[in-house]
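Comments concern the structure below.
FYI, it's all coordinate maths here, none of it is from the lab. This is a predicted model, so every value here is computed, not measured. Because the Cβ atoms are built from the backbone with ideal geometry, glycine has one as well, and the counts that use them run over all protein chains shown.
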Amino acid sequence: MKKQKVIYHFRRYTGMELYARKEIPYEFGLNAQLMLDEICFNWNKRKILDKIDHSIETDNKEEFLKYSQAYKDYVWE
């Protein structure tokens, strides 16, 4: 995985141009990605559960079977 970099350019009114780099550590980027993945996973799981609940309330068997099949991917543990 490529390192993400932030590059700052400091310019003085006189003299040479100064460059500074700050690299984002791999652990920070990985931690942020894992947190976003978990948030998306939980949001998608909640939306499917809401659709399953709605299909139960409306007695729609086809929707229930479709969404319960999709929900199996979220509870394979």
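Using the Karplus curve 6.51 cos²θ - 1.76 cosθ + 1.60 with θ = phi - 60°, what ³J(HN,Hα) values do you get for each residue of region 31-48, in whole Hz, with x for Gly and Pro?
With coefficients 6.51, -1.76 and 1.60, one gets 4, 5, 5, 5, 5, 5, 4, 5, 5, 5, 4, 5, 5, 5, 4, 5, 5, 5 Hz.
Which loop-located chymotrypsin sites (Phe, Trp or Tyr not before Pro) does region 40-77 contain, where loop means any DSSP state but H, G, I, E or B and the Cβ has at most 13 other Cβ atoms within 10 Å?
Loop-located and lightly packed - Trp76.
Measuring from label point to label point, each 7 Å out along Cα→Cβ, what is the Asn31 to Leu65 span in nm?
With each label point 7 Å from Cα toward Cβ, the separation is 4.7 nm.
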